[in-house]
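S.K.: Please see the structure below; I have some questions.
The numbers here are math on the coordinates, done by the rules we state, and not lab data. Computed from a predicted model, the values in this text were never measured in an experiment.
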Amino acid sequence: MATCPECDAEIEVDEFDVDKGDLISCPDCGSNLEVTSTSPLELEPADDDDDEEDDDDEEEEKEGEDDDLDDVDEGEEESDGEDWEE
């Protein structure tokens with residue numbers, strides 16, 4: 001038996017069914033919780049920041065791709081000019 005750190009509800013979890021680092025959800029408040037210890041069973045709020053960081057990284061990659069396309073366009077214009085000079 002463990003206690004939700006968010007709402008203090010008792011959560012029925014068998015310590016033999018979970019491993020350290022596993023994520024579970026509180027049935028009362030719905031908080032995402034991480035198993036930080038199995039003996040005794042301890043739970044802490046899970047870091048939801050990882051998902052937000054991943055989203056930020058994807059946005060930066062997309063912006064970087066746009067910049068790369070601009071560089072290619074400029075390079076193509078220069079090479080087109082060289083082809084005409086020959």
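S.K.: In whole Hz and in residue order, list the ³J(HN,Hα) couplings for segment 38-44 that follow from phi through the Karplus curve 6.51 cos²θ - 1.76 cosθ + 1.60, θ = phi - 60°; x for Gly and Pro.
M.R.: 9, 9, x, 5, 10, 10, 9
S.K.: Give me the extension gain from D22 to D8: residue separation times 0.36 nm, minus the current Cα-Cα distance, reported in nm with one decimal.
M.R.: On the way: separation 14, 0.36 × 14 = 5.04 nm, distance 1.92 nm.
Gain on extension, D22 to D8, equals 3.1 nm.
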